[in-house]
Structure formats: C-alpha cells, structure tokens
Amino acid sequence: GIYLSSENLLVQINPVSGEQNELAYTSADIKAFAVRNGVAALALTDNSLVFYANSHLISSCAEQFGTDFIGLGGEYAVVADRSTPDLQIWQLEHYPEAQLVAYDSTFVHDEARLSADWQTVMLFDFEHFRIYDLAGNVLAERNLPADKQVYDQQYRRADGNSYLEVIYYDGLVQKYSAADGSLLEGNQINPPNPSLDEESLT
C-alpha cells in the first residue's frame, strides 16, 4: 500500500480501492514516520517519538536530539540526525508471562470482560459480541437482534457463571452465555425509563 501522513494522522492507502487504514493518530503533527508490515508505526512529532501497533499507542518518549531519519524493522527502531554521529536504537520488549489474554484489537467493541472462571473473554457493544479463549481463538460471534432498540447491557458473573444481559426498551431481557454465546434465556420485564441516565462512580 501507500503510507501517507497529514498533520497528526498516518494512514495506509490501498492503491486500487482508495480505502484508508488508520495507523497512528498523534497529539501533534507528524514530521516523519516509518512503518513495518502495515501494523507497526514509529512517528516523530514536535518533541516526541511515538510507537503504534494496530493503530493503538503502545509507547512514547521525548526526542533527545534533532531527528532527520527514522527506521523500523523487525523488533528494532533506529533514530538518527545529520548533525551528530549518534544513533538511538530501540528494541521491542516482550513479556509473554504477563499476558492474560489475547484477542483481535481491531474487532469493534465498547467493552471487554473476563469470565468468572477465567476461561473466556467477551468483547461487545450494542450491535454484536465476540468470545475468545485466553489464547485468542474465536469461540463464538453473534450479532444482536434489533440493536437499535437496546437500552442497556450488563456483563454478569453469578455462581461461577458469566453471561451478557441485554435489556431492550420494550422490556425484553436476553441472556447470552459467556462460554459459547448461546442464548440462555429471554423474559419480559417492565420497560425501563428511557429518560434515566446511568452514573458510575469509580
């Protein structure tokens, strides 16, 4: 593809379809960038070096000197300047023992929850959900019916079981298993008051 930055946005452009894939969205204008495999990006802004993976910021640091050249390859990034003989070399560090769960971060979702038995993770929003095992394998995926009528969603953990509770404006409540995505039950309650706002204190 073609990589292009404009102000604080770095994108990959498909030369055939013209479709754009966002790689980095920085807090300041991008002066230079490097991309690896279309998923990892290193960008230089006014006073920072920022590292992105799958369009998510993973690290940033202050620029130590003027930068004319940046490169990205394998696990390494190189930053250099014409006015000094010094190079900055960065290496990606991995901490596999710290990983709790793996999943596709490009799947559109609003919330992610780990099951009570620590066997699955569910990513969900008002339109759909997807369930992964801890290794990142997709176990189930489901579109929610009448997603425009969803009033609220709550991920519940009770008696060692976990499920997604979907509440509709008309009072329909459906519960979906966090293990395999199956519909556990559906019942009718009094319709919720649509004028109420939810407030959470954390």
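The values are calculated or read from the model by the stated rules, or taken from the named source; none is laboratory data. As the structure is a prediction and not an experimental result, all values here were calculated from the model. Cβ atoms come from the backbone with ideal geometry, glycine included; neighbour counts cover every protein chain shown. Surface areas here come from the heavy atoms of the whole protein model, side chains and all, with no ligands, DNA or RNA. Shrake-Rupley method; radii C 1.70, N 1.55, O 1.52, S 1.80 Å.
Odds and ends about this structure:
- If you go through the stretch 108-141 and pick out every residue that is in contact with an Asp or Glu (Cβ under 9 Å, 6 or more places away or on another chain) and of a type outside the set (Ser, Thr, Tyr), you end up with 21.
- All conditions in (1) open to solvent by less than 30 Å² (accessible area, probe 1.4 Å); (2) within 30 Å of Arg130 (Cα to Cα) hold for Val108, with the sole exception of (1).
- Hey, Phe126 within 22 Å of Asp197 (Cβ to Cβ), surrounded by 15 or more Cβ atoms within 10 Å (Cβ to Cβ) and out of contact with any Phe, Trp or Tyr (no Cβ under 8 Å at 6 or more places or on another chain) or not: yes
- Filter result (out of contact with any Phe, Trp or Tyr (no Cβ under 9 Å at 6 or more places or on another chain) and closer than 13 Å to Trp90 by Cα) within the stretch 43-61: Val50
- Lone unmet requirement of (1) among the hydroxyl-bearing types (Ser, Thr, Tyr); (2) closer than 30 Å to Glu127 by Cβ; (3) part of a loop (DSSP other than H, G, I, E, B); (4) open to solvent by less than 90 Å² (accessible area, probe 1.4 Å) for Thr67: (2)
- Taken together, the residues in the stretch 27-52 that are touching an Asp or Glu at 6+ places or on another chain (Cβ under 9 Å) and part of a loop (DSSP other than H, G, I, E, B) amount to 7.
- Qualifying residue in the stretch 79-99 (condition: touching a residue at least 24 places away in the same chain (Cβ under 8 Å), out of contact with any Phe, Trp or Tyr (no Cβ under 8 Å at 6 or more places or on another chain), closer than 29 Å to Gln119 by Cα and not in a strand (DSSP E or B)): no
- Taking the criterion of being of a type in the set (A, V, I, L, M), open to solvent by 40 Å² or more (accessible area, probe 1.4 Å) and on the phi < 0 side of the Ramachandran plot, the residues of the stretch 139-194 that qualify are Leu139, Ala158, Leu172, Ala179, Leu183, Leu184, Ile189.
- From the options Asn54, Asn47, Asn37, residue that is in contact (Cβ under 8 Å) with a residue 24 or more places away in the chain and open to solvent by 50 Å² or more (accessible area, probe 1.4 Å): Asn54
- Filter result for Ile89 (farther than 24 Å from Asp133 by Cα and over 26 Å from the mean Cα position of the chain (by Cα)): yes
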